[in-house]
Amino acid sequence: MTNLNSFLEPGMRVRHPTQPDWGIGQVQSNIGGKITVNFREAGKVVIEGSRIELVPVFDE
């Protein structure tokens with residue numbers, strides 16, 4: 001199974017699969033599997049990409 005997190009780039013919008021109340025987040029960085037995302041309702045969060053697969057958002 002390919003981890004789609006490796007394709008995430010700064011500026012892309014994502015959702016956290018188990019935290020829908022965080023809203024849509026914008027990827028700030030993706031370095032060494034650690035993805036920093038700024039979520040509307042939760043602020044800046046660092047995601048361990050090997051444990052959580054973020055869901056890309058292409059339209060709202």
Review point. Of the residues that make up segment 19-32, is at least one among the small types (Gly, Ala, Ser), out of contact with any Gly (no Cβ under 8 Å at 6 or more places or on another chain) and assigned to a strand (DSSP E or B)?
Key: yes
Point to revise | Among the candidates ASN30, ASN5, ASN38, residue that is on the phi < 0 side of the Ramachandran plot and touching a residue at least 40 places away in the same chain (Cβ under 8 Å) | key: ASN5
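Determine whether ILE52 is surrounded by 11 or more Cβ atoms within 10 Å (Cβ to Cβ), of a type outside the set (Ser, Thr, Tyr) and outside any loop (DSSP other than H, G, I, E, B). I'd like the intermediate steps shown before the answer.
On the way: surrounded by 11 or more Cβ atoms within 10 Å (Cβ to Cβ): yes; of a type outside the set (Ser, Thr, Tyr): yes; outside any loop (DSSP other than H, G, I, E, B): no.
In short, no.
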Study note, to complete from the structure: Over segment 1-18, the set of residues part of a loop (DSSP other than H, G, I, E, B) and under 13 Å from PRO56 (Cβ atoms) is ASN3, LEU8, GLU9, GLY11, MET12, HIS16, PRO17
Check your understanding: Can you name the residue in segment 24-50 that is more than 11 Å from the chain's Cα centre (by Cα) and at pLDDT 95 or above and, of all such residues, is farthest from ASN5 (Cα to Cα)?
Key -> GLU41
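The values are calculated or read from the model by the stated rules, or taken from the named source; none is laboratory data. In this text the structure is predicted, and so the values were computed from the model without any measurement. No Cβ is skipped: glycine too gets one built from the backbone with ideal geometry, and neighbour counts run over all protein chains shown.
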